[in-house]
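J.: Got a structure here, written out as structure tokens. Questions coming.
Each reported figure results from applying straightforward, stated rules to the coordinates on display, with no laboratory input. Every value quoted in this text rests on a predicted model; they were computed, and no experiment measured them. Note that each Cβ is placed from the backbone with ideal geometry, even for glycine, and that neighbours are counted across all protein chains shown.
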Amino acid sequence: MKIKEFSAYLPRPATLKVKKELSELVTLFEFENDSGRPLMHKPGQFIMLSVYGVGEAPFSVSSAPIRESNNFELAVRKIGAVTGIMHDLKVGDKVGIRGPYGSFFPIQKFVGQDTLFIAGGLGYIPLRSLLHYQLKHRDEFGRIILLVGTRNPKERIFIDQLAELASGKDVEVLETVDVPDETWKGHCGVITTLIPKVRIDPDKTNVAMVGPPIMYKFCLGECLKIGIPSNRIYVSLERKMKCGLGKCGHCQINHLNACIEGPVFQYNQIESVEEAI
Amino acid sequence: MTAYTVYLEQLHAMLAAWSKEHQVYVPTAVEGGYFDFKPWREGVEIAFDYDLAYNTLKRYFLPPKEDLVVFDLAAKTAEMVFDAPKQLLFGVHPYDIRGINQLDQIMETGAPDQYYLHRRDATVVFGLTPMRVAETAFWSSMGAGEVDRGFDLFWTKTGPSTFLVEVGSMRGEKMLLAAGELTPASAGAREAARKAHLKIMEMGRSNALNFDWKQVPRLLDKCWNSPLWQKKAELCLACGSCNLVCPTCYCFDIREEADELLQKGVRFREWDGCMLTSFALVAGEHNFRAKALERYRHRYMRKGKYIYDRYGELGCIGCGRCVRACTTNIANPREVFNTLWEASQHED
């Protein structure tokens, strides 16, 4: 047979190196590729992670692309079968990975520009990859403004890192929670309410926005209201994904495959796509 | 195109010879007055005049369930598995070959689907000019009544015991001539085949799209908010029968199982359907197409527009299988497109 014996569905082995609890349900996982090669992902891309015998699920890579390291990070909420068993993994355990897959935040377009990050809930996880890349090459980028919204203080993630960023000079951080508790001294309200608070130059600011489906509708409107054109707004859309290869059909957004043309979209490309937002 | 004349009495020996290397499947009558492809063996009567195979032939390339990867759960290692039996589909109608050709394109686009391609390569396709049209079929008006590639041989019954056999590939010709030389088709025989084709195309037009199929994508462009979607979807039971029988529906789920000792595991794919409620459901219970209307409309947009935008042809070949299979009589692309077309004529 002339076809090469190759399967895009065959996972490559990776080993769990570090596991750190970020909140009651969210854990940070650091894996090392057994191949001895870096993941070679770009910010915003995702991988398919297998726990053999349980299943496979898509996860955005949360660490910055680093060629010098074979390690990469995922932050995962315990919510389904695969993510449930992932939380039982021990350091040294093996998993399988495929990818990286999908579109990404085009770093070149962010160079020399200001960036407004809008992170709703777990949306901070994929954005963190772009943010860390920018921090690593801080001189190449303009202002970095980070808006973080969480449902309640208990669900906040990367608390220490955010505090560190907030106390430094590299990033302007604004954080809010939808529903405060007695421990919360900061801003209250949905993340949309933070947008009018930032002073930005709409002609040199790119927006990178990731959050739950409901967030986009309102935050996109707010961004347009403060004068940011839709071709300067990048969103990452979550959908059900099984293959990551544009075949299984689950991630279709009208005519688009979220796993091939997405997950990162320039907003002007999906403004008229009915099922996108 | 090279063509030969083959007589019915020669066919039996050919089938027996092909069966030595291939599992041969032929159209044959099944219960309830329907037809389906079944394995050929001595005594199986081929229904040369079958109107429609009840089940889609995609199962020979994209089986309902197919293993992708096997695991050793103790060692945490994975291996790929391929299975591509040599098979021959004898008597495939042109619209079904169109369906196969479309799957070929889809599966080869981007990351080529090696599982599909292996099976496709190992499958010989012998086409057959239809002699009857199913009541629910409308392929004649969908541009799917003719096919110029995707087959190894193409058979047309030109007389009670005579076939004109056109050659579509070297593999096909070799198989045809394996038992000995055949008479090259005469001009008259070719003309008889052409007439047979024109006749069936004409018969097919009794149940037709009321407008040029090339207008379907543009029509659907304007129909996102049509009341038709809700009217139809209200009756949808989300059973997925239309997906199941559709020759161009290829969506699949990926799942896995471990043995009872948790030593070996297998990851497999299984047909899925966009009409099933859980199709776009993600962890955390968010469903991106929660409403029947959204699912129903998405399927028709796929068939009439999205596939066209990507591949230049409709995702519906007009076989009419979904019309038969639908439990509540709402699956009927011909009727849906005609109704939308009619409504669009009264606008502006």
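J.: From B:PHE82, B:PHE151, grab the single residue that is within 14 Å of the chain's Cα centre (by Cα) and part of a loop (DSSP other than H, G, I, E, B).
T.: Working: B:PHE82 fails: within 14 Å of the chain's Cα centre (by Cα).
From the options B:PHE82, B:PHE151, the qualifying one is B:PHE151.
J.: If B:LYS76 satisfies all but one of (1) within 14 Å of another protein chain (Cβ to nearest Cβ); (2) touching a residue at least 12 places away in the same chain (Cβ under 8 Å); (3) in contact with a Lys or Arg (Cβ under 6 Å, 6 or more places away or on another chain), what's the number of the condition it fails?
T.: All conditions are met except number (2).
J.: Tell me which residues, restricted to region A:87-114, are in a loop (DSSP other than H, G, I, E, B) and at positive phi.
T.: Step one: list which residues in region A:87-114 are in a loop (DSSP other than H, G, I, E, B), which gives A:87-93, A:102-106, A:111-113.
Hits for region A:87-114 are A:GLY92, A:GLY102, A:GLY112.
J.: Here's a follow-up. Being of a type in the set (A, V, I, L, M) and outside any strand (DSSP E or B) is the filter here, so list the residues in region B:85-111 that pass it.
T.: Residues of region B:85-111 of a type in the set (A, V, I, L, M): B:88-89, B:92, B:97, B:100, B:103, B:106-107, B:111.
B:ILE97, B:ILE100, B:LEU103, B:ILE106, B:MET107, B:ALA111, listed by residue number.
J.: Could you pull out the residue among B:ARG98, B:ARG59, B:ARG41, B:ARG119 that is more than 22 Å from A:CYS248 (Cα to Cα) and charged (D, E, K, R)?
T.: Numbers: B:ARG98 fails: more than 22 Å from A:CYS248 (Cα to Cα); B:ARG59 fails: more than 22 Å from A:CYS248 (Cα to Cα); B:ARG119 fails: more than 22 Å from A:CYS248 (Cα to Cα).
Answer to the check: B:ARG41.
J.: Among the residues of region A:136-160, write down those that are within 13 Å of A:VAL190 (Cα to Cα) and surrounded by fewer than 16 Cβ atoms within 10 Å (Cβ to Cβ).
T.: A:ARG151, A:ASN152
J.: Right, another one. Restrict the check to region A:1-8 and report whether at least one residue is of a type in the set (Phe, Trp, Tyr) and either touching a strand residue (DSSP E or B) at 6+ places or on another chain (Cβ under 7 Å) or more than 12 Å from chain B (Cβ to nearest Cβ) (or both). Quick ask: steps written out before the conclusion?
T.: Residues of region A:1-8 of a type in the set (Phe, Trp, Tyr): A:6.
Okay, now just the ones that are also either touching a strand residue (DSSP E or B) at 6+ places or on another chain (Cβ under 7 Å) or more than 12 Å from chain B (Cβ to nearest Cβ) (or both), so none.
No.
J.: Within region B:272-289, track down each residue that is more than 7 Å from chain A (Cβ to nearest Cβ) and either among the small types (Gly, Ala, Ser) or touching a helix residue (DSSP H, G or I) at 6+ places or on another chain (Cβ under 7 Å) (or both).
T.: Passing the criteria: B:GLY273, B:MET275, B:SER278, B:ARG289.
J.: I would also like to ask the following. Can you name the residue in region A:210-263 that is part of a loop (DSSP other than H, G, I, E, B) and of a type in the set (Asp, Glu) and, of all such residues, is farthest from the other protein chains (Cβ to nearest Cβ)? First the steps, then the outcome.
T.: Let us first name the residues in region A:210-263 that are part of a loop (DSSP other than H, G, I, E, B), namely A:211-212, A:226-229, A:237-251, A:254-255, A:258-263.
Retained after the next criterion (residues that are of a type in the set (Asp, Glu)): A:238, A:261.
Values: A:GLU238: 7, A:GLU261: 11 Å.
Ranking the qualifying residues of region A:210-263, first place goes to A:GLU261.
J.: Kindly indicate the residue of region B:46-79 that is part of a loop (DSSP other than H, G, I, E, B) and acidic (Asp, Glu) and also nearest to B:ALA134 (Cα to Cα) among those meeting that condition.
T.: B:ASP51
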